[in-house]
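One structure below.
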Amino acid sequence: MSSAVTALVLVCTLKQSPADSSSDLLGSQILAALGEQGVEGEVLRVVDHDVRFGVSTDEGDGDGWPGIRSKMLDADVLVIATPIWMGQPSSVCKMVLERLDAELSETDDQGRLLTYGKVALVGVVGNEDGAHHVIAECLQALNDTGFSVAANAGTYWVGQAMQTTDYRDLEPSPEETTSATRSAVANAVHLARLLQNDAYPAS
């Protein structure tokens, strides 16, 4: 019998709370869709925490990453929600992925990475091209650091190039993005439940 699936949404906007953020909106919508699948979790805006640059689990001197990492390790699904900047993931997103590099040295008593059995999902927003590239870059890094990836593990919205409309300006949110979010979430939760019942073999 599977235990309850839980999720953590890391929003990688450059804007501190309470500023409006399209990435935060999409991250919250992903969490709401997860809730429809019986998943509980929280949305955390990374820039609201004093996360240091580095590739260890704790850079010391008040580093905010260990607290975030603890929540990540407790969750079954990790969602990265990032804006597109210059065709790439945000600098905050890249910092998160760099911090996850430390997980390559963290294993359980069977030699498996602590991230094995966790499922990754990526949400992307922007008003320029690059959503597929950003999703691919993020999912590759997450998979490298031990996360599993379900089918169609990305959801996104991109506006018209060189315009000022943001995702948060749209009411209601586009059905195409909403549908992609529901599909990505359903597949991620399905995989998370499978992995709860049948863990990866010892390394």
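From the list Asp20, Asp74, Asp109, the one residue that fits, being under 24 Å from Ala188 (Cα atoms) and open to solvent by 30 Å² or more (accessible area, probe 1.4 Å), is Asp74. Sub-6 Å Cβ pairs linking a first residue in the stretch 12-33 that is over 10 Å from Gly123 (Cβ atoms) to a second residue that is basic (Lys, Arg) and open to solvent by less than 30 Å² (accessible area, probe 1.4 Å), at least 6 apart or interchain, are Ser17/Arg45, ordered by first then second residue. In the stretch 143-177, the residue that is nearest to Ser22 (Cα to Cα) out of those that are under 15 Å from the mean Cα position of the chain (by Cα) and open to solvent by 90 Å² or more (accessible area, probe 1.4 Å) is Asn152. For the stretch 23-56, how many residues are open to solvent by 40 Å² or more (accessible area, probe 1.4 Å) and part of a loop (DSSP other than H, G, I, E, B)? Matching residues across the stretch 23-56 total 7. With respect to being open to solvent by 10 Å² or more (accessible area, probe 1.4 Å) and in contact (Cβ under 8 Å) with a residue 24 or more places away in the chain, Ala136 falls outside the description.
Does Val189 satisfy being surrounded by 14 or more Cβ atoms within 10 Å (Cβ to Cβ), at negative phi, among the β-branched types (Val, Ile, Thr) and touching a Ser or Thr at 6+ places or on another chain (Cβ under 9 Å)? In short, no.
Against the list (1) at pLDDT below 95; (2) surrounded by fewer than 19 Cβ atoms within 10 Å (Cβ to Cβ), the condition Asn127 fails is (2). Filtering Pro66, Pro83 for residues that are at pLDDT 95 or above, over 30 Å from Thr165 (Cα atoms) and open to solvent by 10 Å² or more (accessible area, probe 1.4 Å) leaves a single hit, Pro66.
The values are calculated or read from the model by the stated rules, or taken from the named source; none is laboratory data. As the structure is a prediction and not an experimental result, all values here were calculated from the model. FYI the Cβ positions are ideal-geometry reconstructions off the backbone, even for glycines, and counts take in every protein chain you see. Protein only, heavy atoms only, side chains kept; ligands, DNA and RNA dropped before computing areas. Shrake-Rupley method; radii C 1.70, N 1.55, O 1.52, S 1.80 Å.
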